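Quick notes on the structure that follows.
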Amino acid sequence: MDKQLFAHTFLEEYEGYIKPALSEIDVFLKTSEYPLCPADVACILGIEEDEVQSVLLKIGRTSIDKYTFFDIMSKGSSAICRLYSREVETGSPPTYTPNQVAYIYNLDISAVKNACQKLKIKEITAFTMSLVFAKIPF
């Protein structure tokens, strides 16, 4: 069998899993009533309700508003929470270096650098991010 039939890129991974999860979180925050239910927050973030309660206890809060939600997300253990936390650590810049993209998305730095070289870019913007992801085998 040809390996190319089964190979895919990080763009497919991003569009299949990460982007939908972020969209779901966005809709959840825009349509939910506040304070948010800890069980609902746990479900949308892919963590246990005990973890939500533990973070609330650590930050001295008893209810969840939009700001507290992001506190929970930045401290959560799920893949989407860890991705968000790494994004926050980088300061969410308007342009990213290959190192930052590799760190945020937990990708091999050489794969990101190779993708940027193929595209002849040094910085990655929101517009070029999908182009870079399309060049990264996954």
Here is a list of conditions, (1) out of contact with any Asp or Glu (no Cβ under 9 Å at 6 or more places or on another chain); (2) modelled with pLDDT of 95 or more, and residue 7 meets all of them except one; can you say which number that is? (2)
Quick check on region 19-57: of everything there that is among the polar types (S, T, N, Q) and within 29 Å of residue 126 (Cβ to Cβ), which residue is surrounded by the most Cβ atoms within 10 Å (Cβ to Cβ)? 32
Contacts under 7 angstrom Cβ, first residue in region 88-111 being free of Cβ contacts under 8 Å to residues at least 40 places away in the same chain and surrounded by 12 or more Cβ atoms within 10 Å (Cβ to Cβ), partner of a type in the set (Lys, Arg) and not in a loop (DSSP other than H, G, I, E, B), 6 or more apart: 98/113; 103/86; 104/86
Positions within region 112-138 being part of a helix (DSSP H, G or I), touching a residue at least 24 places away in the same chain (Cβ under 8 Å) and either surrounded by 18 or more Cβ atoms within 10 Å (Cβ to Cβ) or basic (Lys, Arg) (or both), in sequence order: 112, 132, 133
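Take region 105-123 and flag every residue that is under 18 Å from residue 12 (Cβ atoms) and among the β-branched types (Val, Ile, Thr). Outline the logic, then answer.
Filtering region 105-123 down to residues under 18 Å from residue 12 (Cβ atoms) leaves 105-108, 111-112, 114-115, 118-119.
Result: 112, single match.
Filter region 84-104 down to residues that are part of a loop (DSSP other than H, G, I, E, B) and under 21 Å from residue 137 (Cβ atoms), then give me how many there are.
The initial filter retains those residues of region 84-104 that are part of a loop (DSSP other than H, G, I, E, B), namely 91-95, 97.
So of that shortlist, the ones also under 21 Å from residue 137 (Cβ atoms) come out as 97.
Number of matching residues: 1.
For (1) within 26 Å of residue 111 (Cβ to Cβ); (2) modelled with pLDDT of 95 or more; (3) in a loop (DSSP other than H, G, I, E, B), each residue gets a yes or a no:
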{"residue": "28", "(1), (2), (3)": "no, yes, no"}
{"residue": "39", "(1), (2), (3)": "no, yes, no"}
{"residue": "42", "(1), (2), (3)": "no, yes, no"}
{"residue": "51", "(1), (2), (3)": "no, yes, no"}
{"residue": "61", "(1), (2), (3)": "no, yes, yes"}
{"residue": "82", "(1), (2), (3)": "yes, yes, no"}
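Do we have any residue at all in region 8-17 that's of a type in the set (Asp, Glu) and more than 21 Å from residue 133 (Cα to Cα)? Break it down into steps so the answer makes sense when it comes.
As a first pass, look at region 8-17 and keep what is of a type in the set (Asp, Glu): 12-13, 15.
Checking which are more than 21 Å from residue 133 (Cα to Cα) leaves us with none.
The answer is no; no qualifying residue exists.
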For the list (1) among the hydrophobic types (A, V, I, L, M, F, W, C); (2) out of contact with any strand residue (DSSP E or B) (no Cβ under 9 Å at 6 or more places or on another chain); (3) part of a helix (DSSP H, G or I), I need the number of the one condition that residue 107 fails. (3)
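The values are calculated or read from the model by the stated rules, or taken from the named source; none is laboratory data. Quick caveat, the model's predicted, so the values are computed rather than measured. Cβ: placed from backbone, ideal geometry, glycine included. Neighbour counts: every protein chain shown.
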